[in-house]
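> Attaching a single structure in structure tokens format; questions to follow.
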Amino acid sequence: MSLLAVHTLSKSFGGVQAVKDVSFELAAGEMLALIGPNGAGKTTCFNMLNGQLKADTGTVLFDGKELIGLNPRTIWRLGIGRTFQITATFASMTVRENVQMALLSHHRKVFSLWPRAADSFKEEADGLLDQVGMLHQADRACGILAYGDLKRLELSIALAHGPKLLLMDEPTAGMAPQERITLMELVSSIVKNTDISVLFTEHDMDVVFAHSDRLMVLNRGEIIAAGTADEIRNNDLVKEVYLGGGSTFDAGEKGAVHA
């Protein structure tokens, strides 16, 4: 059975159909990329999957449980983590303290007065930071971190409650090329070592083709193609959407593949 099964998911805003009859499945330990031009409906899909938006129609089964109608915190508790295009951390706290806060929330200790938060789950926090290569910066304030390091910290926070599925909305947005490669290699390694599933949106086709098991292409709210990297690269309709009818879809053509 698939870990995530989405069937005929739809959402409108007034007279605008943002997402229309989107259906797909995601297996355990799979990295699935959702790509498409700006305004295609990718973030709207994500927001419905984790409860920030309520779908007009459709079903979302996660590990056999219906998610439609549940709030984001309940969905998070079921085992779905998320990272966002813009990182959200506590700038005045240290790197370790940010992860500790996530762990306190996971263990339902956020409002506990004893013990002190700084003394709670320190080893567990350090283990998560070590997993993403940030342990050596555990005592630094988040406000002085480089952007790529903030992205890695955000990943460790998302992993703090041991999710089965991770939703990553443009994980490499704003990052330098080498930082993008490093982050996605890290995510791929975590997927292989933990059997976690990842659904991610991304505009950088180098990242998409190198790190996804399958791809789905969304355009004007509808899935127009799905398949392997080679199948998507050679799909005429996808070429039309991305390149305006161009004859190639080469991950090396930077100007052509960034939507």
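> Please name whichever of LEU128, HIS106, VAL22 sits farthest to the positive end of the charge dipole of the chain, dipole taken about the Cα centre and charges placed at Cβ: Lys and Arg +1, Asp and Glu -1.
So the residue furthest toward the plus end is HIS106.
> Quote to one decimal, in nm, the extra length available between ASP139 and ASP236 on full extension: 0.36 nm per residue of separation minus the C-alpha distance between them.
That pair, ASP139 and ASP236, stretches by 29.8 nm at full extension.
> Where in the chain are the DSSP H helices whose C-alpha atoms run 15 Å or more along the long axis and whose mean Kyte hydropathy is at least -1.0?
For the chain, where a helix must reach 15 Å along its axis and average at least -1.0, the hits are 95-106, 147-158, 177-194.
> For ASP21, which sequence-distant residues (separation of 5 or more, or a different chain) have an amide H within less than 5 Å of its own amide H, given hydrogens modelled in the peptide plane?
When sequence neighbours closer than 5 places are left aside, the close amide H contacts are LEU9, SER10, LYS11.
> Further, regarding this structure: Just subtract the alpha-carbon distance of TYR147 and ALA176 from 0.36 nm times their residue separation and send over the number in nm, one decimal.
Extra length from TYR147 to ALA176 when fully extended: 9.5 nm.
> Note down the nm distance, to one decimal, between modelled labels 7 Å out along Cα→Cβ at THR74 and at ALA91.
That separation, rounded to one decimal, is 3.5 nm.
> Also, quick follow-up: Please give the calculated 222 nm ellipticity per residue for the chain, where each DSSP H segment of at least 4 residues contributes -39500 (n - 2.57) and the sum is spread over every residue; nearest 500 deg cm²/dmol?
-10000 deg cm²/dmol
> Taking P(r) over Cα pairs in 5 Å bins from 0, in percent as the quantity of interest, determine which of (1) 1, 6, 13, 17, 18, 16, 13, 9, 5, 2, 1, 0, 0; (2) 1, 7, 15, 20, 22, 18, 11, 5, 2, 0, 0; (3) 1, 5, 10, 12, 14, 13, 12, 10, 8, 7, 5, 3, 1, 0, 0 was computed from the displayed structure.
So the calculated entry is the one marked (1).
> OK, next. What's the local net charge at LEU218, with K and R +1, D and E -1, over the other residues with C-beta under 14 Å away?
After counting each charged neighbour, the total is 0.
> In which sequence would PHE200, PHE121, PHE84, PHE13 go, from the one with the fewest C-beta neighbours within 10 Å to the one with the most?
Ranking PHE200, PHE121, PHE84, PHE13 by Cβ neighbours within 10 Å, fewest first, gives PHE13, PHE84, PHE121, PHE200.
> Just in the stretch 1-89: which trypsin sites (Lys or Arg not before Pro) are loop by DSSP and have at most 12 other Cβ atoms within 10 Å?
For trypsin sites (Lys or Arg not before Pro) across the stretch 1-89 that sit outside H, G, I, E and B with at most 12 neighbouring Cβ atoms in 10 Å, the list reads LYS54.
Just so you know, all these numbers are worked out from the coordinates, no wet-lab data involved. The structure presented is a predicted model; accordingly, all values stated were derived computationally and were not measured. All Cβ positions, glycine included, derive from the backbone under ideal geometry; neighbour counts span all protein chains shown.
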